[in-house]
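Inspection log for the structure reproduced underneath, given as structure tokens.
The values are calculated or read from the model by the stated rules, or taken from the named source; none is laboratory data. Given the structure is predicted, the values throughout are model-derived calculations rather than measurements. Positions of Cβ are generated from backbone atoms using ideal geometry, with glycine treated the same way; all protein chains shown enter the neighbour counts. With ligands, DNA and RNA removed, areas are computed over all heavy atoms of the protein, side chains included. Shrake-Rupley method; radii C 1.70, N 1.55, O 1.52, S 1.80 Å.
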Amino acid sequence: MASTSAVVNVVSVDKREIVVQNMSGDQTTVTIPKGIFKLININEEYFVSYNSRIGQKPFLTSIEPSAK
């Protein structure tokens, strides 16, 4: 399992996942916990942490607004 933490911009949000873009422009689709999608805004920066396993989508472990 690999862990990633980064400041990202949220590109899209739905009930099961978000698409985030890091400062290098790379996009990643991350699975999110049920019900959290209502708290995440598109085109806003967040500090996120997520875990990845080979053969599975990354899953969110932490998200908080980025301190600008």
field: Portion, in percent, of the accessible area of the chain that falls on carbon or sulfur, probe 1.4 Å
entry: 49
message: Below 14 angstrom from the Cβ of Gly35, what's the summed charge of the other residues (Lys, Arg +1; Asp, Glu -1)?
response: +2
task: For the chain, build the charge dipole from Cβ charges (+1 Lys, Arg; -1 Asp, Glu) around the Cα centre, then report which of Ala6, Gly55, Leu39 sits farthest towards its positive end.
output: Gly55
Rounded to the nearest 20 debye, dipole of the chain from Cβ charges on Lys, Arg, Asp, Glu: 280
